[in-house]
Ligand SMILES: Cc1cc2nc3c(=O)[nH]c(=O)nc-3n(C[C@H](O)[C@H](O)[C@H](O)COP(=O)(O)OP(=O)(O)OC[C@H]3O[C@@H](n4cnc5c(N)ncnc54)[C@H](O)[C@@H]3O)c2cc1C
């Protein structure tokens, strides 16, 4: 059973990256319609206008939100500028609607793969607009080929803006060194296990060792009183993190549990009901294909949920 699930997961990830399959599926109205029904579980809408009522409703239920306009690796400055403008709209909408929400993004979406200076200018504009909305911008962790560039950009922007945070992948062998430096910067550290395939020897696989490493980072963050986000759907890790919170008693303003929209929502709601700060990560936009395939692939039994979503009215 375990082997079959791994096989299914690998196949789904491969299918997600197959450009021919993607083009065919997205160009076929019937298949696209079916896929979109499955995607709805994980995506807050095609547009910001669709995502905002969901964020507002989650806020009313006592959950904070992260908002991401989905996309990555823009190929030219025009695309990166358009993405930046959209994120600026997100900041303004958060302010106008008085949402309890922050912004999350991939730096490659706003031009990191094109030019450092261009990306820095875009990120600076976003940090300023986020500050006006009294909120923060959290930078996502991308593939290992981008880790150096992402961390360098974070270090640079942190000298001028305090409302910017970073995502750290616990599975990378390099993270202990990076982590020490990141602790000296003021921004929130979101700790995740890590989603990307890495070249051999660079990362830990899922399992007990990674769980211990993950909790080690959580403990250091709580102990040093660093603002952090405990971003996982792993129920056991969430329970262990609760024990660490009870042990170290950090102020509730410093930490939050965070999970992705549509995934193990009941666990996040339970944490919120118990009084822990909890945040839902909402993504929206039309470039959802890869994101949705990955969410299904990382937990292949989700394929049955997707089938059910497709056949449901
Ligand atoms: C808020 C947030 C931001 C993130 N940002 C990044 C980022 O910037 N860079 C990056 O590399 N990764 C990011 N990730 C993804 C992260 O690295 C993991 O790949 C993802 O969270 C799955 O790992 P896990 O901690 O939930 O544990 P896993 O060991 O993968 O799963 C533990 C358990 O959680 C549940 N679960 C996990 N995934 C699913 C799913 N898709 N469907 C249903 N149940 C599931 C299952 O019960 C599973 O047994 C982010 C995750 C979150 C929650």
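Give the residue that is surrounded by the most Cβ atoms within 10 Å (Cβ to Cβ), with candidates limited to residues of the stretch 300-313 that are in contact (Cβ under 8 Å) with a residue 24 or more places away in the chain and near the ligand (Cβ under 10 Å from one of its atoms).
The selected residue is 300.
Of the conditions (1) crowded, with 21+ Cβ neighbours inside 10 Å; (2) touching a strand residue (DSSP E or B) at 6+ places or on another chain (Cβ under 7 Å), residue 122 clears all except one; give me its number.
(2)
Give the residue that is surrounded by the most Cβ atoms within 10 Å (Cβ to Cβ), with candidates limited to residues of the stretch 256-278 that are on the phi > 0 side of the Ramachandran plot and without any contact (Cβ under 8 Å) to a residue 60 or more places away in the chain.
Going through the qualifying residues, I end up with 264.
Go through the stretch 209-255 and report how many residues are in contact (Cβ under 8 Å) with a residue 40 or more places away in the chain and within 16 Å of the ligand (Cβ to nearest atom).
Residues that pass the stated criteria total 10.
Can you go through 206, 190 and tell me which one is within 12 Å of the ligand (Cβ to nearest atom) and surrounded by fewer than 16 Cβ atoms within 10 Å (Cβ to Cβ)?
206
Could you please find all residues in the stretch 55-77 being surrounded by 18 or more Cβ atoms within 10 Å (Cβ to Cβ) and not in a loop (DSSP other than H, G, I, E, B)?
Matches in the stretch 55-77: 55, 58, 64, 65, 66, 67, 68, 69.
Please determine, by comparing only the residues of the stretch 161-176 that are assigned to a loop (DSSP other than H, G, I, E, B), touching a helix residue (DSSP H, G or I) at 6+ places or on another chain (Cβ under 6 Å) and more than 9 Å from the ligand (Cβ to nearest atom), which one is nearest to residue 204 (Cα to Cα).
163
I'm trying to understand the selection: among the residues of the stretch 109-150, which are within 13 Å of the ligand (Cβ to nearest atom) and either part of a loop (DSSP other than H, G, I, E, B) or in contact (Cβ under 8 Å) with a residue 60 or more places away in the chain (or both)?
138, 140, 141, 142, 143
How about the stretch 263-292: which of its residues are within 11 Å of the ligand (Cβ to nearest atom) and either outside the structural domain of residue 53 (by TED's automatic domain parsing) or modelled with pLDDT under 95 (or both)?
291, 292
The values are calculated or read from the model by the stated rules, or taken from the named source; none is laboratory data. Small disclaimer: the values here were computed from a predicted structure and weren't measured. Glycine also receives a Cβ, built like all others from the backbone with ideal geometry; neighbour counts cover every protein chain displayed.
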